[in-house]
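Nothing in this text is a laboratory measurement; each read-out follows from the coordinates by a stated rule. Just so we're clear, the structure is a prediction, and the values are computed from it rather than from any experiment. Using ideal geometry, Cβ is built from the backbone for each residue, glycine included, and neighbour counts are taken over all protein chains shown.
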Amino acid sequence: MDLPFILAQYNHAIEFTTAVYEYELFTVEYINKWFNDKKTTSYPVIIAEIDGTAVGFATYGQFRQRCAYKSTVEHSLYVAGEFQGKGIGKKMLQELMEIARANDVHVMIGGIDAENVNSISFHLGLGFVECGRIKEVAYKFDRWLDLVFVQKILIPLDSQSHQVFLKD
């Protein structure tokens, strides 16, 4: 797993963008714990490579801690700047959704800064729908930021797989 790449992507997003509502850069210790938590909970981390070089990553995790949310996940997707717009993010998100379906995930959520119209458009193009907009929920770079939630239902309510899941 290319943890230095993931750390660099997160830290770039923290330092220069509103993609991550964070002020402090992540540390090597933080990203190692993050990855170990993903392994422990069996949440996937996908790395996209070109010629052996990492160019993007995608993952998901539990949306909320309460047990009734166990079939809903929130995903993260990052593609290095010079590789954006080349279909890499689409392939990663499609693979992530397939993994989620195989794990009986019913709904996938994304939280996107409202100014990131490219990411919102990207998600809508893959069948996500905007399901909420929270005004002035974060403060970064000397301004208030709005958060947009998008969602995609991965397993229809009437599917056999989901019915079994609900009876657990």
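Mind listing just one residue for me: the one in the stretch 100-127 that is buried (at least 17 other Cβ atoms within 10 Å of the Cβ) and closer than 13 Å to Ile155 by Cα and, of those, nearest to the chain's Cα centre (by Cα)?
Met108
With the structure loaded, tell me whether Gly81 is closer than 25 Å to Leu145 by Cβ, under 12 Å from the mean Cα position of the chain (by Cα) and small (Gly, Ala, Ser) or whether it fails that test.
No: the conditions fail for Gly81.
Can we say Ala58 is surrounded by fewer than 18 Cβ atoms within 10 Å (Cβ to Cβ) and either assigned to a strand (DSSP E or B) or aliphatic (A, V, I, L, M) (or both)?
no
List the residue pairs whose Cβ atoms are under 7 Å apart, where the first residue sits in the stretch 96-121 and is in contact (Cβ under 8 Å) with a residue 40 or more places away in the chain and closer than 13 Å to Leu77 by Cα, the second is in a strand (DSSP E or B) and polar (S, T, N, Q), and the two are 6 or more positions apart or on different chains.
Filtered contacts from the stretch 96-121: Met108/Gln151; Ile109/Thr72; Ile109/Gln151.
Residue-wise test of (1) crowded, with 17+ Cβ neighbours inside 10 Å; (2) assigned to a helix (DSSP H, G or I).
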residue	(1), (2)
Gln9	yes, yes
His12	no, yes
Glu15	no, yes
Ala19	yes, no
Phe26	yes, no
Ile31	yes, yes
Asp37	no, yes
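Do you know which of the residues in the stretch 132-155 that are more than 24 Å from Met97 (Cβ to Cβ) and basic (Lys, Arg) is surrounded by the most Cβ atoms within 10 Å (Cβ to Cβ)?
Once the filter is applied, the top-ranked residue is Lys140.
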